[in-house]
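The values are calculated or read from the model by the stated rules, or taken from the named source; none is laboratory data. Just so we're clear, the structure is a prediction, and the values are computed from it rather than from any experiment. A quick note on method: Cβ atoms are made from the backbone with ideal geometry, for glycine too, and the neighbour counts reach across all protein chains shown.
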Amino acid sequence: MVTTLVAGYGRGPVLRLDEPLSFWGGVDTATGVIVDRHHPQAGETVTAKVLVMAHSRGSSSTSSVIAEMVRAETAPAAVVLLDRDPVIVLGAVVARELYGRAMPVVVVDADRYERVAAFRFAEVLPGAVREVGHTISSEMHG
Amino acid sequence: MGLQLTAADRAMLAGEEGEGVALAMRVLVATAEAMGAGRLLDIESAHVDGCLYHGPSGLDFARALVDGGARVRVPTTLNVSSLDLLHPELVRLDRRAADEAKALMDAYVALGCRPTWTCAPYQLPERPRLGSQIAWGESNAIVFANSVLGARTERYGDFLDICAAVTGRAPEVGLHTDEGRRASLVVRADGLTDALAANEALYPLLGHVLGRVADTRVAAITGLPPSTGEDHLKALGAAAASAGSVAMFHAVGSTPEAPTLDELADLEAVTVTAAMLEQARIELGGADGAEIDAVCVGTPHYSSRELERLRSLLDGRRCRLPLYVNTSRAALDDFGRGPELEACGVRIVTDTCTYITPILAPGTEVVMTDSAKWAYYAPANLGVRVVFGSTKDCVESAVAGEAVITW
C-alpha cells in the first residue's frame, strides 16, 4: 500500500533516516543540514531529497520547521513514512495553504518501506513511489 | 470509510463562519484524513505551541487566521515564545527578529489565546480534568496531560493546536480513544526504586531511556518509588518526549489510568539497569570534567514548588557562575520570592527558555543543567556542550564556580 497523505509530485535522491528525527532543533532551516548530533545521519542534507523515515520524533515545532523549509525552498522533495505522522503532514499542509507549494507525503507498508529505502533516486506522486534514473525501474502503486 | 463530518463541520469548511475558520478547518480535515480518523470530536481546551518564532511562515499562518476573522472557541493557553516580556534585557535577538517574534505573539493573543507563555500549562490553576478531550501542542505538555492528568490529546504538531482551538474540534484517533491509551510495553524500574528515591536526577535519565526504548509506544513503568511526585513525572516525560516520540506513559502506582501489574503480564518488558542510566547520562552530558560557564535549570518551566526548592538549596548563598532558571510568570507570581533568588545572583527567565533564544552570554561553551530536554536540544541550538547533573549539584556548582558532581 502507498497511501497519499499530502498529494503532490517530488523527485530526488533517496535519503533514508536510520532513526526518527526532530526537524526542530535537528535540521538547520536555512541549509537543510541535519544538526542533531545524536542522529546517525547528522551532517547530511535533507533538501531536495526523497526522505525515507519511519516518523518524526520529539518537538511538535517540527511542523513549523517543515512549513518554513517549504517557504525557504530548503524542504525535502518528498517524504515517505512508515507511520501516519501528523507532525510531518501538518507542516506540508500549512505550507500548501500559504504558498501553494506541495511537498508530497506518503505512507507505505513495512515491506515497501525497505524497498523504497534501497532506491538511489525516486519520484513520489499520488498513490505511488517509483525508482527513477536507472535503466531498470521498479514501480509501486497503491 | 473516510472522514465523516457533521453539518456544523461542513459549514465551517464551506466558509460560513469566515475564511479564518475555513482555513483552520481545511488544515484540521487534511490532518484528520492523514491520521485515518473516522470523525472529529469536541475539545474542551487547547495549548498552542505555534507562538515560538521559526521564520516568516508561522507569522503568515497566524495572520491569515487573524485576517480571516478567526477566534478561539475553547480556553487556549500559549507556549513559550522567543522573548521574555518581563525581562526584555535578557534576550539578545536582533531588532528585526525580536519585532517578528513579538508580532507572532500579538497575532496569537488577537486570536483570543491567553498570554500564559509557558511550556508547562499543566501547572496553571485551570488544568484539564481526567478524561477531558483536549488539543495540546508542546511535546512535554502533551505527555504530561495524557499521562499525569489523564486528559486526552494526540501528539500534534504546531498549527493543528490553533486550528483545533478555532474550530473546537480534533481528530478522533489515537490517544483520544481508550484503545490508543493502552500500554503495549512494560518498562521495569523495580531494581532502581531506592536509587530513584535518593537521587531525583534519575527521573530525567529514566525518561531518556524510556524515549529510546518506547519511541512511539505507550509504556507502563513499574517500580517508581512512592515518593514520585508531579515534578519528577514532568522531568521524566519531557526527557522521553525529547529522546523519543513518547506522548503518553503509565506509571503504576502514580498515574490515573495505569494498568494493574496483572494486566501487564503478557507484554514485552524491558528492565532498566543502572548501566542504562549511566549510558543516558553520558549521552546527555559528555562534557564531564570541563570547566562550566553557566548553569541552566527549569526546562520545562519550574513550578512554584521547584522555585522554592531552588531558594532553599541556595539558602542565601551567592552564585559565582550565572545561574538561569526558566519559569512561567504564573509560577513566579505564585512563588512570590523572586527577589530573594535574584539577590543570590539567579537570573530569572520567564515567557521563554534559555535553549531556544539567545540569552546565555556570548562565549558560553559549557553549561550544566538538571534537564534532559535542555541537554538534548541545547548543543544543536546553541552550540554549547553540556554537563548533566541533579538540581542540587547544579546549585552547588553555580555557588562553587565549578562543576560539582556527587554521584
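For region B:350-373, the candidate set comprises residues that are buried (at least 24 other Cβ atoms within 10 Å of the Cβ), closer than 16 Å to B:Pro322 by Cα and among the hydrophobic types (A, V, I, L, M, F, W, C); within that set, the residue that is farthest from the other protein chains (Cβ to nearest Cβ) is B:Met368. Just so you know, in region B:159-173 the residues that are within 12 Å of chain A (Cβ to nearest Cβ) and buried (at least 24 other Cβ atoms within 10 Å of the Cβ) include one that is nearest to A:Ser64 (Cα to Cα), and it is B:Phe159. Does region B:183-196 contain any residue that is over 20 Å from B:Lys373 (Cβ atoms) and either in a loop (DSSP other than H, G, I, E, B) or within 14 Å of another protein chain (Cβ to nearest Cβ) (or both)? Yes, the conditions are met somewhere in region B:183-196.
In the set A:Gly25, A:Gly10, only one residue is buried (at least 20 other Cβ atoms within 10 Å of the Cβ) and touching a Phe, Trp or Tyr at 6+ places or on another chain (Cβ under 8 Å); that residue is A:Gly25. When A:Pro40 is tested against (1) more than 21 Å from B:Tyr156 (Cβ to Cβ); (2) surrounded by 24 or more Cβ atoms within 10 Å (Cβ to Cβ), exactly one condition is not met: (2). Taking B:Gly112, is it touching a Lys or Arg at 6+ places or on another chain (Cβ under 6 Å), surrounded by fewer than 17 Cβ atoms within 10 Å (Cβ to Cβ), modelled with pLDDT of 95 or more and more than 14 Å from chain A (Cβ to nearest Cβ)? Answer is yes for this residue. Kindly indicate the residue of region A:13-22 that is buried (at least 17 other Cβ atoms within 10 Å of the Cβ) and not aliphatic (A, V, I, L, M) and also farthest from B:Pro379 (Cα to Cα) among those meeting that condition. Across region A:13-22, the extreme among qualifying residues is A:Arg16. The residues in region A:60-78 that are touching a strand residue (DSSP E or B) at 6+ places or on another chain (Cβ under 6 Å) and without any contact (Cβ under 8 Å) to a residue 40 or more places away in the chain can be counted, and the count is 0.
Residues that are free of Cβ contacts under 8 Å to residues at least 40 places away in the same chain and in contact with an Asp or Glu (Cβ under 7 Å, 6 or more places away or on another chain) were ranked within region A:28-37; the one that is surrounded by the fewest Cβ atoms within 10 Å (Cβ to Cβ) is A:Val35. Scanning region B:204-215 turns up no residue that is of a type outside the set (Gly, Ala, Ser), farther than 27 Å from B:Cys119 by Cα and either surrounded by 20 or more Cβ atoms within 10 Å (Cβ to Cβ) or in contact (Cβ under 8 Å) with a residue 60 or more places away in the chain (or both).
Picking from residues in region B:285-304 that are among the aliphatic types (A, V, I, L, M) and outside any loop (DSSP other than H, G, I, E, B), the one that is farthest from B:Cys319 (Cα to Cα) is B:Val297.
For B:Val246, the test of being closer than 28 Å to B:Gly298 by Cβ, in contact (Cβ under 8 Å) with a residue 40 or more places away in the chain, β-branched (Val, Ile, Thr) and assigned to a helix (DSSP H, G or I) is failed. For first residues located in region B:272-297 and closer than 19 Å to A:His39 by Cα, partners that are of a type in the set (Ser, Thr, Tyr) and part of a helix (DSSP H, G or I) and lie 6+ apart or on another chain with Cβ distances below 8 Å form the pairs B:Leu284/B:Tyr376. Among the helices (runs of 4 or more DSSP H) confined to region B:1-96, the ones with at least 1 residues that are within 26 Å of A:Pro104 (Cβ to Cβ) and within 10 Å of chain A (Cβ to nearest Cβ) are located at B:19-35, B:56-67. Selection over region A:69-82 of residues that are at the interface with chain B (Cβ under 7 Å from one of its Cβ atoms) and under 14 Å from the mean Cα position of the chain (by Cα) gives a count of 0.
Here's the yes/no breakdown for (1) within 13 Å of chain B (Cβ to nearest Cβ); (2) over 22 Å from B:Ala214 (Cβ atoms); (3) in a strand (DSSP E or B):
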| residue | (1), (2), (3) |
| --- | --- |
| A:Thr4 | yes, yes, yes |
| A:Pro13 | no, yes, yes |
| A:Gly25 | yes, no, no |
| A:Ala30 | yes, yes, no |
| A:Ala48 | no, yes, no |
| A:Val52 | no, yes, yes |
| A:Ser60 | yes, no, no |
| A:Ala67 | yes, yes, no |
